[in-house]
1. Using just the alpha carbons, could you tell me how many Å³ per residue the convex hull of the chain encloses?
2. Mind checking which lysines have their C-alpha under 20 Å from Lys387, skipping anything on the same chain fewer than 8 residues away?
3. Could you derive backbone 3J(HN,Hα) for segment 336-346 from the dihedral phi with the Karplus parameters 6.51, -1.76 and 1.60 (θ = phi - 60°), listing whole Hz in sequence and x where the residue is Gly or Pro?
4. Rule-of-thumb check for segment 332-413: C-alpha Rg over 2.2 N^0.38 Å?
5. Please compare each pair in Lys21/Lys310; Lys21/Lys183; Lys50/Lys136; Lys41/Lys240; Lys269/Lys409 to a cut-off of 22 Å on the Cα-Cα distance and tell me which ones are over it.
6. Quick one: which residues, 5+ away or cross-chain, put their amide H under 5 Å from the amide H of Phe30? H built at 1.01 Å from N.
7. Per-residue ellipticity at 222 nm for the chain, helices alone: DSSP H runs ≥ 4 residues times -39500 (n - 2.57), over residue total, nearest 500 deg cm²/dmol?
8. Just to confirm the number: angle between the C-alpha axis of helix 13-24 and the first principal axis of the chain, 0 to 90 degrees, nearest 10?
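The values are calculated or read from the model by the stated rules, or taken from the named source; none is laboratory data. In this text, all values refer to a predicted model and were calculated from it rather than measured experimentally. Reconstructed Cβ throughout: ideal geometry from the backbone, glycine too, with neighbour counts over all protein chains shown. Keep in mind that these areas ignore ligands, DNA and RNA; they rest on the heavy atoms of the full protein, side chains included. Shrake-Rupley method; radii C 1.70, N 1.55, O 1.52, S 1.80 Å.
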Amino acid sequence: LANEVEGMFVGRSKELKKLQKLYESESFQFAVFYGRRRVGKTTLINEFIKDKKAIYYMSVEGTRKENLTGLSKALLSDSYGASPLFPNFESLLGYIDQLAASGERIIIAIDEFPYLAASYPAISSMLQSHIDLHWKNSRLFLILCGSSMSFMEEQVLGYKSPLYGRRTAQFKLHPFTFFEARKMLWGFSSEEQAILYGVTGGIPEYLSRISQKQTMDENILELFFDESGRLFEEPVNLLKQELREPASYHSIISAVAGGASRINEIATKTGMETSGCSNQIASLTALGIIRRETPITEGASSRKTIYRLKDSMFLFWYRFVRPNMSGIIQNAGETIYEHIVKPNMSDYMGRIFENICQQYLYHPQVYATLPFLPGNIGRWWGTDPVKKRQEKIDIMAIQDTHALLAECKWRNAPVNQEILEQLVDKGRLFHYDKISYFLFSKTGFTEDVLKYNETDSSLYLVSFEDICDLE
């Protein structure tokens, strides 16, 4: 989840606090953890249980017998000598009944629970029956954890699951925000931190691979542009674990990374039928790789639906690594990075900066100071009926009769009057009583924009430096 930075556990303080509170409640607890692979679920569990009486088992993708043996050993690891294994899961759960009856506070954590359930589908119903009959009035603390999002949401949390309604807490772990990721990137400049956050997608396990002893470029080269690099084949490996036939999924992700955003564009680019394409996009959306978006002013059923990559590590990999794999294998990684990646980094970072700016608006120190408290914050695109052309707004938030429109610029020149006027001009496309304008800039603002800001209270200027000043 978070690596040790100078011996310190980074991030997830909110989750740890909640877990500790549940632990101190002394009553039966059943916590469910889920989130994509490498997001730090196991590290969080281990941090939570490290000074407590706990039994931890990582399920394997194998047979029922293998998992029965593994879980038996985990439960009986305190027994001295060659401990007998349980002949079946019923007797194993009967042993946990005895532990529960002892009145002691014990945590039993089963990691990658979907593997156990796949090897022995009856386990969910058996757990339900033991919770209801033996555990719910005990001090047992049960944790089930899994990376298969769809399995955890449907088979553990879903109303059709035997375990439905039994859990006392659930934790969906998300990648780190830019603000959280910075704590793991303390040796780098703010701009380098933003780029490293982008290329790792804020995934704690990837962030933990970044060495403070190397430059940003050396880290990116070593992770992505070297055949033995930790992230050289990462998306391929992730898709293999989640999907049966990954080949066509790679084509879809490549098409989206290359700018195709509507179903028909993606289908054309991949040479697939639209219906097959939309089924596969649904799977990638469920995995949290692709995000379905509609303009913020419209409902989910809008015909203006587009698809974008949600995971910025995937965006980086499919844009820069996959098209150049042969060259990287031939040891040309450094040349590819210098001549293809670096000249396009600013363009790639445009999207990442939009995400960072959204996180800024939601930041506790900022959110309460906004002109109004926005519900959803998203993007907008549509037609300007007067100019008869397509327009887009990087960030838009609405609440009743108020709106917030924002433009985000990740470039080396300060934001000028022309960009400000274009943003204000887009305001006339909407009929809100009050519109506030935000300009976010990597490199500050020109003198005339700063002057305008003094006279117009509806304009807010936020530099990247301002963002980085937040804790």
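1. Here the figure is 184 Å³ per residue.
2. Result set, ordered by chain and number: Lys304, Lys426.
3. 4, 4, 5, 9, 10, 6, 4, x, 9, 5, 5
4. Cα Rg divided by the expected 2.2 N^0.38 Å: 1.44.
5. Lys21/Lys310; Lys21/Lys183; Lys50/Lys136; Lys269/Lys409
6. Placed amide hydrogens put Leu142, Thr168, Ala169 under 5 Å from Phe30.
7. Only helices count here, giving -11500 deg cm²/dmol.
8. Between helix and principal axis, roughly 30 degrees.
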